[in-house]
Amino acid sequence: MKKQRGPAVALIAVLALVLASLVLDSIQASNPIRDAFSYVAAPVQYGVAAVERAASSLSERVRSRNALVEENRALREENDELRKQIVLLHEAEIENESLRRLLEFKQAAPTQQLLAAEVIGRDPNNLLGYLVVDRGRNDGIEVNMPVLAADGLVGRISAVTDNSATVLLITDPSSSVSVLVQRSRATGVVQGAQGHRLVLRYVTQDSSIERGDIVITSGLGGNLPTRLVIGQVVEVLQSEASMFKEAVLVPAVSAADLERVLILLNFTPVDVAADMRAAQE
Amino acid sequence: MLTVLAIAGTIAGMVQSALALGVRVVGVHPDLVMIAAVSWCLLRGRREALVFAAFGGLALDMQSAGPLGLLTLATVAATLAASIGEINVFRTVASLPYVTIVTATAVYYLIVIMGVRLMGRPLALGPLLATTVAPAMALNLVCMLPAYWLARRFSGGLAPSSADWGA
């Protein structure tokens, strides 16, 4: 009999507790029965929650390992792609800057017919100062046409093929250009020297040259246009015994860094020697 | 083997020309064809190296504004100068590749200077030595370290070269 009464008593007790809890809920804010239950249940709930979290985390880890590997691979690919884009953007920025400067130069001289060309080669002989550009006879390039950059004169076309041309740099020892010193109007000849330097020669002793002077083309001889910047005086070599003054110039254009140049198409060099021969005949 | 060396020499010439556009140290670029030819000469003998040097030099000449054949002649002469190092009595000397490349560079530039002067181009020897020849010697010497190591790795797996008795 005792065995049969137990569950009924427990059921009644539970129902009584529920009832009492309901009554307490309805008549007052705090419910001591619920509080007491929470006090007992909370640690259990924490424990269960911790176990559940650990299990969930473990299963998540197992489940997501492949996803992580895949995600890692995708991120690496994305990273590589972004790096590539950064390099390309940087290149585009440099190219943009270079073209902008050439465009400004072109706009500043609207009468000059300039053709942009890319530097595609350099002479493999360390003793010769030549560049190869990607424009040739098919683009209207002819021998002796002046080659410029935004900062000044680069050189002259020395040989042409159908699709490329060789540029003799003004820094090559075989190059000489008639020039004048912008400030004092002193005239002379700039010759190339070893080590990508320029030397200003044949300036009379009474002419003034100072460190920092800008040297430009004079146009004398007719093989180059006037007022193209050649370089800047860095050292004046003066000797009382010499008939002429000399100066060392730093070129306005560093041929080592050149990527693009402009070729002046509408300038016809005058061959003074040929004209004189023709006049004599 | 000689065909492979001819192709390799031509490619090396093209590479040197391409490097000349971007790689310049103290105003000069390394003379890769000559460095490779000298390394090969020391490791495999004059016969194979001369084939490499001739084709490499020709590839350089095709891309140079100088007289056609000048760089071929200079590279071949430098390789011949390097072939002195082939003599067995010197072969064991560890510094041989480095002494040889300096000598070969001197020979190479001597020929190039003579050729350029024959073209009628003004060359001031003093500044030329200071700004071009001496830096080129130093740069070629530095480049010889990896080049010789690389050439030794390549040549290690090859069959012995045919005997060359200097005839």
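The values are calculated or read from the model by the stated rules, or taken from the named source; none is laboratory data. From a predicted model like this one, the values you see are computed outputs, not experimental measurements. For neighbour counting, all protein chains shown are included, and Cβ atoms are generated from backbone atoms with ideal geometry for every residue, glycine included. Ligands, DNA and RNA are stripped out before the accessible areas are found, and what is left, the full protein with its side chains, is counted by its heavy atoms. Shrake-Rupley method; radii C 1.70, N 1.55, O 1.52, S 1.80 Å.
Where the second residue is among the basic types (Lys, Arg) and not in a strand (DSSP E or B) and the first is more than 7 Å from chain B (Cβ to nearest Cβ) and lies in region A:124-143, which pairs have Cβ atoms under 8 Å and are six or more apart or on separate chains?
Correct list of pairs: A:Ile141/A:Arg135.
How about region B:3-104: which helices (runs of 4 or more DSSP H) wholly inside it have at least 1 residues that are within 11 Å of chain A (Cβ to nearest Cβ)?
Details: elements: B:32-44, B:46-62, B:70-82, B:88-91.
Of the helices (runs of 4 or more DSSP H) lying wholly inside region B:3-104, those with at least 1 residues that are within 11 Å of chain A (Cβ to nearest Cβ) span B:32-44, B:46-62, B:70-82.
Name the single residue that is nearest to the other protein chains (Cβ to nearest Cβ) among those in region A:183-195 being in a loop (DSSP other than H, G, I, E, B) and buried (at least 19 other Cβ atoms within 10 Å of the Cβ).
Our first condition is that a residue be in a loop (DSSP other than H, G, I, E, B); within region A:183-195, this holds for A:183-186, A:194-195.
Remaining after also requiring buried (at least 19 other Cβ atoms within 10 Å of the Cβ): A:186, A:194.
Details: A:Ala186: 23, A:Gln194: 4 Å.
Applying the filter and picking the extreme gives A:Gln194.
Identify all residues within region A:98-121 that are modelled with pLDDT of 80 or more and open to solvent by less than 80 Å² (accessible area, probe 1.4 Å); write none if there are none. Quick ask: steps written out before the conclusion?
Kept after step one, since they are modelled with pLDDT of 80 or more, are these residues of region A:98-121: A:113-121.
Of everything in region A:98-121, those that are modelled with pLDDT of 80 or more and open to solvent by less than 80 Å² (accessible area, probe 1.4 Å) turn out to be A:Leu114, A:Leu115, A:Ala116, A:Ala117, A:Val119, A:Gly121.
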